[in-house]
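In what follows, a single structure is set out as structure tokens and then discussed.
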Amino acid sequence: MRILSLILALVMTLSLAACGSSAPAATEVSAAETFKVAIIQQLDHSSLDEIRVAIEAEFAAPEFEVKVYNGQNDASVMNQIGTEIMSEGFDMIIPIATVAAQCMVTAAEGTKIPVVYAAISDPEGAGLTGIDTVTGVSDALNTPFILDMMFAADPDIGCVGLLYSLSEPNSEKPIKEAKAYLD
């Protein structure tokens, strides 16, 4: 139950809306055991750095062995990291951002290793839902709420510009929602 409690504390620490399926039942760790946690950050980015630091703080105890990886925003690097993690026998994988999560879920496929993702804007669209050993938190925008606030502040707005990155799949859902709302 201690591991399950730590996973739940991690999810609560991130203070984001939970998405995905439930985590598998965890087993107790005796004082003599070390629980190995792999944290995979997709790339250096201030918000992702902040999430990683918070996760590391949650596992700052002698019974945890934490190893942090940086995927350098390269799927092939993240796939290599996934192979290394599988060969080193980690007990839990925590990917931060969508591509890192997708690569780690693929690496852990067929195992019972829990993958607890963070900072995923569209878990369902990323194929991260409905998997028994995968859970996590989403940083999805509440697009209608944001636009409601904008029009509450100025009901006479006649033109809205939407800025996003074509290279980031996490931009697709909020832009689609914004366009539908504005139509």
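The values are calculated or read from the model by the stated rules, or taken from the named source; none is laboratory data. Values in this document were obtained by computation on a predicted structure and should not be read as measured data. No Cβ is skipped: glycine too gets one built from the backbone with ideal geometry, and neighbour counts run over all protein chains shown. Areas reflect the complete protein model, heavy atoms only, side chains present, ligands, DNA and RNA absent. Shrake-Rupley method; radii C 1.70, N 1.55, O 1.52, S 1.80 Å.
Just flag the GluC sites (Glu not before Pro) in the stretch 48-78 sitting in loop per DSSP whose Cβ has no more than 10 other Cβ atoms within 10 Å.
none
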Within the stretch 73-110, DSSP-loop GluC sites (Glu not before Pro) with at most 16 other C-beta atoms within 10 Å are GLU109
Here, LEU162 and SER87, labelled 7 Å along Cα→Cβ, have an inter-label distance in nm of 4.4 nm
So, with points 7 Å from each Cα along the Cβ direction, the GLU65-ILE175 label distance in nm works out to 4.4 nm
Applied in sequence order to the stretch 131-143, the curve 6.51 cos²θ - 1.76 cosθ + 1.60 (Karplus, θ = phi - 60°) yields integer Hz couplings, x standing for Gly and Pro, of 10, 4, 9, 10, 8, x, 10, 10, 10, 4, 7, 9, 4
Computed curve, the stretch 100-183, Cα-only Debye sum without solvent term, log₁₀ I(q)/I(0) at 0.16, 0.17 Å⁻¹, is -0.70, -0.76
Note to self: C-alpha centroids of the stretch 36-100 and the stretch 146-168 sit apart, in Å, by 34 Å
Long-range amide H partners of ILE131, meaning residues 5 or more apart or on another chain whose placed amide H is closer than 5 Å, are SER21
Between VAL66 and residues 5 or more places away or on another chain, the pairs with built amide H atoms under 5 Å apart involve VAL37
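Can you pull the Rg over Rh of the stretch 40-183, Cα-only, Kirkwood? Walk me through the numbers before you get to the answer.
Numbers: Rg = 17.8 Å, Rh = 16.8 Å.
Radius of gyration relative to Kirkwood radius: 1.06.
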Trypsin sites (Lys or Arg not before Pro) in the stretch 86-183 lying in a DSSP loop, each with at most 10 other Cβ atoms within 10 Å of its Cβ, come to LYS112
Counting sequence-distant residues (5 or more places) and residues on other chains, those with an amide H built under 5 Å from that of GLY71 are GLN41, GLN42, LEU43
Under the Karplus relation with 6.51, -1.76 and 1.60 and θ = phi - 60°, whole-Hz ³J(HN,Hα) for the stretch 99-109, x at Gly and Pro, equal 5, 4, 5, 4, 5, 6, 5, 4, 4, 8, 4
Sorting TYR117, TYR164, TYR181 on solvent-accessible surface, 1.4 Å probe, most exposed first, gives TYR164, TYR181, TYR117
Filtered hits (lysines, Cα-Cα < 16 Å from LYS36, offset >= 8 within chain) -> LYS67, LYS112
Counting only protein heavy atoms and leaving out ligands, DNA and RNA, the solvent-accessible surface of ILE175 at a 1.4 Å probe, in Å² to the nearest 10, equals 20 Å²
With all protein chains in place and a 1.4 Å probe, THR129 shows an accessible area in Å² (nearest 10) of 60 Å²
A correct Karplus calculation of ³J(HN,Hα) over the stretch 59-64, with 6.51 cos²θ - 1.76 cosθ + 1.60, θ = phi - 60°, whole Hz and x for Gly and Pro, returns 10, 7, 8, x, 7, 10
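Between GLU50 and GLN80, what length comes free when the chain is fully extended (0.36 nm per residue of separation minus the Cα-Cα distance, one decimal in nm)?
Working: separation 30, 0.36 × 30 = 10.80 nm, distance 2.41 nm.
Here the answer is 8.4 nm.
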